[in-house]
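Peer 1: Handing you this structure, nothing more for now.
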C-alpha cells in the first residue's frame, strides 16, 4: 500500500481530505525567522519569547540568590 | 547582507546554557533543602527553570533547522554523532546498575542467606506482567519502524497512526510498571535486592517517560508538517533513543526478572 511519492515535500497544499490535518504553516514561519532584522533566534518569535526569557532568567537569578542564602543558612547550627 | 560560504552552523548567542546550569544548581540545592528541612521552594524553582530551559532550547533548535534551514548535511552528520555518543553514555550509566546487580547476585553474601534471591524476598513472577511489558516494548519497536517507513514514503496517515500506537504502547508500559510497583511485596529499602531492583527498573522507567515525551514532540511536529520524507532527523533521534530503552528493558528482564528470580 505505497502512497505516491511527494516531490515538493516541504510545501503541501491544503486539500479537501484534510479534515483532521492542520494547515501547513511552515512557509510562514520560515519567512518570520529568516527576516534579516538582527534579532537572535531565542527572541525572534515575538513578544511571548521576551516574556518567557525574562521569566526563565528571573527564576534562575532569583533562585540562585535564594539558593546561596539557603545554603548559608543551612551551614550554621541552630539550637535543638 | 552577508552570507556564509560554508555549510556549518554558527549559532546565535543564547542564554539557555546559562539558565540550564543555574537551574541544575537550583535542583541540587533544592533537593538538599527538601531532604533535610522539608522546604520545597528552591526545588520547585529548579524544576520550573529547567523545564523552561529545555522547552526554549529545543524550540530554538526547531527554529534553526525547520525555519532557518541551518541543518545542512554536514550539520546533520554532527547531530547524528552527538545523539549516538549521548546514547553510548547512557549505556554506561545503566552498565553501573547492572554491575551492582551482578556483583551482589553472582556471589551472594551471608547477609542475603548465601543465595539469590535473598531470604525473605518474594520476587515478581517473570511470566506475568513483566512478560507482558516485554511484549509491549517489542511491539512498540515494530510500530516505530512502521512509522519511519511511512514517513519516508510520505504516507502521512499511516505515519501518524503508527506513531500514535508507539506512544500509546509506551504509556501502557508505564502504567503497567506503576501498577507492578504498587504490588511488589518488597521495597527499595529491603536490602541489596530492593536497591538493585528499584534503581535499575526505576531509572529505566524514567527513560521510558523521557522517550515517550520525545516521541510525543515528534507527533506534534509531524502534525505541523515539520518532517519531510528525506529530512526528519528529530524523529530518527527519538527512534534511536526508543530502541535503546527497549534494549535496556530486555537486559533488565533477562537479568533481574528472569535469572534473578
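Every read-out reported here was derived from the displayed coordinates using simple, explicitly stated rules and does not represent laboratory data. What you are looking at is a predicted structure, and each value in this text was computed from that prediction instead of being measured. So basically every Cβ, Gly included, is an ideal-geometry build from the backbone, and we count neighbours across all protein chains shown.
Peer 1: Just need a number here: residues in the stretch B:104-117 that are closer than 12 Å to residue B:196 by Cα and either in a loop (DSSP other than H, G, I, E, B) or out of contact with any helix residue (DSSP H, G or I) (no Cβ under 9 Å at 6 or more places or on another chain) (or both). It would help to see each step written out before you state the result.
Peer 2: Quick first cut of the stretch B:104-117, residues closer than 12 Å to residue B:196 by Cα only: B:104-105, B:117.
Checking the rest, the ones that are also either in a loop (DSSP other than H, G, I, E, B) or out of contact with any helix residue (DSSP H, G or I) (no Cβ under 9 Å at 6 or more places or on another chain) (or both) come to B:117.
Going through the stretch B:104-117 one residue at a time, the tally reaches 1.
Peer 1: Also: Counting just the residues of the stretch B:147-170 that are under 18 Å from the mean Cα position of the chain (by Cα) and surrounded by fewer than 18 Cβ atoms within 10 Å (Cβ to Cβ), which one comes out nearest to residue B:131 (Cα to Cα)?
Peer 2: Pass one, the stretch B:147-170, residues under 18 Å from the mean Cα position of the chain (by Cα): B:163-170.
Next, only the ones that are surrounded by fewer than 18 Cβ atoms within 10 Å (Cβ to Cβ) stay: B:164-165, B:168.
Numbers: B:164: 23, B:165: 19, B:168: 18 Å.
Result: B:168.
Peer 1: If we scan the stretch B:123-141, do we find a residue that is within 12 Å of chain A (Cβ to nearest Cβ), surrounded by fewer than 20 Cβ atoms within 10 Å (Cβ to Cβ) and in a loop (DSSP other than H, G, I, E, B)?
Peer 2: Within the stretch B:123-141, not a single residue is within 12 Å of chain A (Cβ to nearest Cβ), surrounded by fewer than 20 Cβ atoms within 10 Å (Cβ to Cβ) and in a loop (DSSP other than H, G, I, E, B).
Peer 1: Here is a further query. Out of everything in the stretch B:171-193 that is out of contact with any helix residue (DSSP H, G or I) (no Cβ under 6 Å at 6 or more places or on another chain) and not in a helix (DSSP H, G or I), what residue ends up being surrounded by the fewest Cβ atoms within 10 Å (Cβ to Cβ)?
Peer 2: Once the filter is applied, the top-ranked residue is B:189.
Peer 1: Answer with yes or no whether residue B:29 is within 10 Å of chain A (Cβ to nearest Cβ), surrounded by 10 or more Cβ atoms within 10 Å (Cβ to Cβ), out of contact with any strand residue (DSSP E or B) (no Cβ under 7 Å at 6 or more places or on another chain) and under 30 Å from residue B:73 (Cα atoms). Break it down into steps so the answer makes sense when it comes.
Peer 2: On the way: within 10 Å of chain A (Cβ to nearest Cβ): yes; surrounded by 10 or more Cβ atoms within 10 Å (Cβ to Cβ): yes; out of contact with any strand residue (DSSP E or B) (no Cβ under 7 Å at 6 or more places or on another chain): yes; under 30 Å from residue B:73 (Cα atoms): no.
So residue B:29 does not fit the description; no.
Peer 1: Has the stretch B:55-64 got at least one residue that is surrounded by 12 or more Cβ atoms within 10 Å (Cβ to Cβ) and either more than 12 Å from chain A (Cβ to nearest Cβ) or in contact with a strand residue (DSSP E or B) (Cβ under 6 Å, 6 or more places away or on another chain) (or both)?
Peer 2: Residues of the stretch B:55-64 that are surrounded by 12 or more Cβ atoms within 10 Å (Cβ to Cβ), as a first pass: B:55-64.
Filter once more, so that each one left must be either more than 12 Å from chain A (Cβ to nearest Cβ) or in contact with a strand residue (DSSP E or B) (Cβ under 6 Å, 6 or more places away or on another chain) (or both): none.
No: zero hits.
Peer 1: Kindly indicate whether residue A:70 is at negative phi, more than 21 Å from the chain's Cα centre (by Cα), within 7 Å of another protein chain (Cβ to nearest Cβ) and surrounded by 11 or more Cβ atoms within 10 Å (Cβ to Cβ). Steps first, answer last, please.
Peer 2: Working: at negative phi: yes; more than 21 Å from the chain's Cα centre (by Cα): yes; within 7 Å of another protein chain (Cβ to nearest Cβ): yes; surrounded by 11 or more Cβ atoms within 10 Å (Cβ to Cβ): yes.
Considered against the rule, which asks whether it is at negative phi, more than 21 Å from the chain's Cα centre (by Cα), within 7 Å of another protein chain (Cβ to nearest Cβ) and surrounded by 11 or more Cβ atoms within 10 Å (Cβ to Cβ), residue A:70 comes out as yes.
Peer 1: Kindly provide the set of residues from the stretch B:45-76 that are part of a helix (DSSP H, G or I) and over 22 Å from the mean Cα position of the chain (by Cα), ordered by number.
Peer 2: Keep residues of the stretch B:45-76 that are part of a helix (DSSP H, G or I), which gives B:45-67, B:73-76.
If the condition is that a residue be part of a helix (DSSP H, G or I) and over 22 Å from the mean Cα position of the chain (by Cα), then B:45, B:63, B:64, B:65, B:66, B:67, B:73, B:74, B:75 are the ones that fit.
Peer 1: With the structure loaded, tell me whether residue B:196 is touching a helix residue (DSSP H, G or I) at 6+ places or on another chain (Cβ under 6 Å), assigned to a helix (DSSP H, G or I) and over 23 Å from residue B:139 (Cβ atoms) or whether it fails that test.
Peer 2: On the way: touching a helix residue (DSSP H, G or I) at 6+ places or on another chain (Cβ under 6 Å): yes; assigned to a helix (DSSP H, G or I): yes; over 23 Å from residue B:139 (Cβ atoms): yes.
So residue B:196 passes the test.
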